[in-house]
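Data block below; observations after.
Bear in mind that the values in this text are calculations on the coordinates, not laboratory data. What you see is a predicted model; the values in this text were computed from it and never measured. For neighbour counting, all protein chains shown are included, and Cβ atoms are generated from backbone atoms with ideal geometry for every residue, glycine included.
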Amino acid sequence: MSQTSTTDLKAGPFETQATVDAKRTAAIKTVQVAVDHKAATRQAIIVAIRRENVVFKTRSDWKAKTPATSPDTDWDYKAIAIHHAGNSYSCSADGAAQLRKAEATDIDSFGHLSYHYAIDCSGAVYEALDIRCKGAHIEGGNTGVIGIVFLADLSVAGEAEKYGPGAWNVTKKRGVIAGVKEWIGQNKDNEDVEHDTPTEKQLHAVSVLVKSLKHFFEIKKLGGHREYAKTHGTSRACPGTYGMEIAAQIRKEYQLSPP
Ligand SMILES: [Zn+2]
């Protein structure tokens, strides 16, 4: 990623300095200082979250892999989409390990992590994809949408079949292997009795994260992946019943519109 810095960040505010030298009698010339405002905004978001006593791990903190291909760039975000990592994830596992698992899956599919931020069950926020890069979390509609994923399983049994894309639809779009995988996933989901319920720390973390993002971007909409999929003529079970409830509550808290 040529435009993204993986330099770690300090916990406190950052300083930037410009020096102007002028003789007392001479006129002061205008000095142009180039500031990478996108890099500064990325850093300011992180500082704002840490100020609220929420643990924030940058990509270098959790040792994210450098993608083989540079993700596209994006900015001027207007919307936020909430996801859950899904049935094969659990709050009982280590957050960073869960994110590395999601990273491996996403690198296979998209070449890089698909979401911008991840939240584990202890309430730690991870920088999944640099905010200057375009996400890959909503089929056909990633421009201007920040992706947040809960590293947990927030759906209840049977939701994949009820709301998912359907095995045949997946086969039509992406071939037999993808279709069969979808079918297997649905059947596993029907028998899936274990899921996570959102933790208080997780809810606090998502509230702080959304508040910070709203401060730096003109966010107007927030919703679950399921709602975004509908607007693009597809269907998804993500982010599960509990994830949808989180989206509804956050929307109310910050007076945002649905997708
Ligand atoms: Zn999703």
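Multiplying each eigenvalue of the alpha-carbon gyration tensor of region 25-128 by 5 and taking the square root yields semi-axes of 34, 17, 12 Å, largest first, rounded to whole angstroms. Rounded to the nearest 500, the helix-only mean residue ellipticity at 222 nm of the chain stands at -11500 deg cm²/dmol, with each DSSP H run of n ≥ 4 adding -39,500 (n - 2.57). Residues considered: 155, 235, 70. Largest GNM mean-square fluctuation over the chain, using C-alpha springs under 10 Å, is found at 70. Note on region 34-80: with charges restricted to the Cβ of Lys and Arg (+1) and Asp and Glu (-1), its dipole about the Cα centre is near 240 debye. Counting lysine pairs in region 25-118 whose alpha carbons fall under 27 angstrom apart, excluding pairs fewer than 8 residues apart on the same chain, gives 10.
Charges were assigned to the Cβ only: +1 to each Lys and Arg, -1 to each Asp and Glu. The resulting dipole of the chain about its Cα centre is roughly 980 debye. Any idea what log10 I(q)/I(0) is at q = 0.12, 0.15, 0.16 Å⁻¹ for the chain, Debye with uniform C-alpha scatterers and no solvent? So the normalised log intensities are -0.70, -1.08, -1.22. In whole percents, the pair-distance distribution calculated for region 68-139 from its alpha-carbon pairs, binned every 5 Å from zero, is 3, 15, 28, 27, 16, 9, 2, 0.
Applying a DSSP loop filter and a limit of 11 other Cβ atoms within 10 Å to the GluC sites (Glu not before Pro) in region 198-259 leaves 218. Inter-label distance, residue 178 to residue 156: 3.1 nm, where each label sits 7 Å from its Cα along the C-beta direction.
Specify the angular offset, from 0 to 90 degrees and rounded to the nearest 10, of the alpha carbon long axis of helix 240-253 from the longest principal axis of the alpha carbons in the chain. Taking the Cα atoms of the chain, the angle to 240-253 is about 40 degrees. The angle between the Cα long axis of helix 176-190 and the main principal axis of the chain comes to about 80°, on a 0 to 90 degree scale. Between the helical axis of 37-51 and the longest alpha-carbon principal axis of the chain there is an angle of about 70 degrees. Left without a cysteine partner by the 4.7 Å Cβ rule in the chain: 133, 238.
Considering lysine pairs in region 148-258 that are 8 or more places apart or on different chains, how many have Cα atoms under 23 Å apart? Number of lysine pairs found: 24.
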